[in-house]
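First comes the structure, then the notes that go with it.
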Amino acid sequence: MRKMQSKSGKTTVKVTKHIILQNFWEYYVVDDDEMQYNEKDDIQFVYAIGFAQEFGSVSMKEIKPFIVSETTSLNDVAPAPDWKWIDE
């Protein structure tokens, strides 16, 4: 897990996984205390980067056939555009 903060400093999220799909969309899987998702659940809360950048839910079963990269080792992953990693 690694914390990512918007460059404005208004939003901080805990990222647990980074995923890239065949169409080059990126998903930062977010651990959100209010959403009560479990990492083994099909539906996950994510920060998605595609046509737009937004928070939302995604079905892991639906995107699984299209995943080309998936990692929980976030040290070598760049933060989302207009975001930065917060090193603790």
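Would you mind stating whether Glu70 is open to solvent by 40 Å² or more (accessible area, probe 1.4 Å), in contact with a Lys or Arg (Cβ under 8 Å, 6 or more places away or on another chain) and not in a loop (DSSP other than H, G, I, E, B)?
Yes.
With Phe45, Phe55 as the choices, which residue is touching a residue at least 24 places away in the same chain (Cβ under 8 Å), in a strand (DSSP E or B) and surrounded by 12 or more Cβ atoms within 10 Å (Cβ to Cβ)? Write out each step before concluding.
Details: Phe45 fails: touching a residue at least 24 places away in the same chain (Cβ under 8 Å).
Exactly one residue qualifies, and that residue is Phe55.
Where the second residue is open to solvent by 40 Å² or more (accessible area, probe 1.4 Å) and in a loop (DSSP other than H, G, I, E, B) and the first is of a type in the set (A, V, I, L, M, F, W, C) and lies in segment 70-88, which pairs have Cβ atoms under 8 Å and are six or more apart or on separate chains?
Leu74/Met1; Trp83/Lys7; Trp85/Pro79
List the number of the failed condition for Pro79; all other conditions in (1) open to solvent by less than 60 Å² (accessible area, probe 1.4 Å); (2) outside any loop (DSSP other than H, G, I, E, B) hold.
Pro79 satisfies all of (1) open to solvent by less than 60 Å² (accessible area, probe 1.4 Å); (2) outside any loop (DSSP other than H, G, I, E, B) except (2).
Exactly one of (1) of a type in the set (D, E, K, R); (2) under 10 Å from the mean Cα position of the chain (by Cα); (3) modelled with pLDDT of 95 or more is unmet by Asp31. Its number?
(3)
Would you pick out the residues in segment 2-34 that are touching a residue at least 40 places away in the same chain (Cβ under 8 Å), closer than 25 Å to Lys61 by Cβ and open to solvent by 70 Å² or more (accessible area, probe 1.4 Å)?
Answer for segment 2-34, where residues must be touching a residue at least 40 places away in the same chain (Cβ under 8 Å), closer than 25 Å to Lys61 by Cβ and open to solvent by 70 Å² or more (accessible area, probe 1.4 Å): Gln22, Asn23.
The values are calculated or read from the model by the stated rules, or taken from the named source; none is laboratory data. Keep in mind the model is a prediction, meaning the values are calculated, not measured. All Cβ positions, glycine included, derive from the backbone under ideal geometry; neighbour counts span all protein chains shown. What goes into the accessible areas is simple: the full protein's heavy atoms, side chains included, and nothing from ligands, DNA or RNA. Shrake-Rupley method; radii C 1.70, N 1.55, O 1.52, S 1.80 Å.
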